[in-house]
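Reading through the structure tokens given below for one structure.
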Amino acid sequence: MSSIGKNADQIKEFIPKSSIIWDITGDILEAIHIPVGLIDKIAIKLREKYSIQFKEYHNEIEAIDSCKRNPEELSERLPHLLGIDISVAAKNKNSMFSIFLDSYESLYRRQTFQLSNGDPDEFIQELLLSSEKTLFVIGSREYIKWEQKDPSWNEILDQHILDYLSDQDSDYFLRSVPIPDESIRKSIIESSRGLPLYLDLCVEIYLRNKNNSLSAYDFLIPTNEIIPRFLSHLSEDERTLFTALSYIHFFNFNIFEILIR
């Protein structure tokens, strides 16, 4: 779902060319006109390649055909069509898919929804309901409150508060690195207090220095000193890069490449 907000060409990279929405993605997401023969083309392809699926989704195809001259109306059906594609893929592979959505609240700031006055809740709800054999795992800072408009969501959503990692989970993670010395693991667990970020930073410090003589004492660090200690183990160029990246709202690989040149 990280494709929400990307342009048509970026999204189509992840869509099979045999997909129901392959031929319409570019036109809908870029909000340009729909070729008159486009829907007929989709229908022909479906009949030739997926005759069983065409019968199963005949109503959907007819609904698309009825609004083919209205890109805005057709774009509203996009999450449903994507859900159909996911369902078909799951059936064909005899598998169950998992879709992870992180920072759900950030969807409300996406330009895609702001420009179209779209409702991200409705988009995700339609996608979720249209995707068979699919588990959605959604991360959010707050509870999802869909039940305020429709109480039936209470029967579908299973929400949990994520707390800090337990000492047992932290130790399991550190043993998988692996960090064989139990005393070092205990010191890391005590210093990180179950915060995944601090655990990762301590692991990075360990890996960068594992050929040196390390002891549990090296990781008895006050929590607020873990990041400075981590930075102290970086080169000057690496520290400069980390500092630069910390100032921007987001970054991707292209931005990272520009900064390291």
Practice item. Could you run through segment 61-103 and say how many residues are modelled with pLDDT of 65 or more and either part of a helix (DSSP H, G or I) or among the small types (Gly, Ala, Ser) (or both)? Key: 24
Check your understanding: Can you tell me which of Ile161, Ile138, Ile179 is surrounded by 11 or more Cβ atoms within 10 Å (Cβ to Cβ) and under 30 Å from Pro222 (Cα atoms)?
Key -> Ile179
Check your understanding: Got at least one residue in segment 136-143 being free of Cβ contacts under 8 Å to residues at least 60 places away in the same chain, in the same structural domain as Ile221 (by TED's automatic domain parsing) and touching an Asp or Glu at 6+ places or on another chain (Cβ under 9 Å)?
Key -> no
Revision key, fill the gap. Okay, helices (runs of 4 or more DSSP H) sitting entirely in segment 112-222 with 2 or more residues that are of a type in the set (A, V, I, L, M), I get 120-130, 182-192, 196-209
Exercise for review: Mind listing whichever residues of segment 133-166 are within 17 Å of the chain's Cα centre (by Cα) and among the β-branched types (Val, Ile, Thr)?
Suggested key: Thr134, Val137, Ile138, Ile144
Check your understanding: Here is a list of conditions, (1) in contact (Cβ under 8 Å) with a residue 24 or more places away in the chain; (2) farther than 23 Å from Ser235 by Cβ, and Pro180 meets all of them except one; can you say which number that is?
Key -> (1)
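The values are calculated or read from the model by the stated rules, or taken from the named source; none is laboratory data. This structure is a prediction, so every number in the text was calculated from the model and none was measured. Cβ sites come from the backbone with ideal geometry, for glycine too, and all protein chains shown count toward neighbours.
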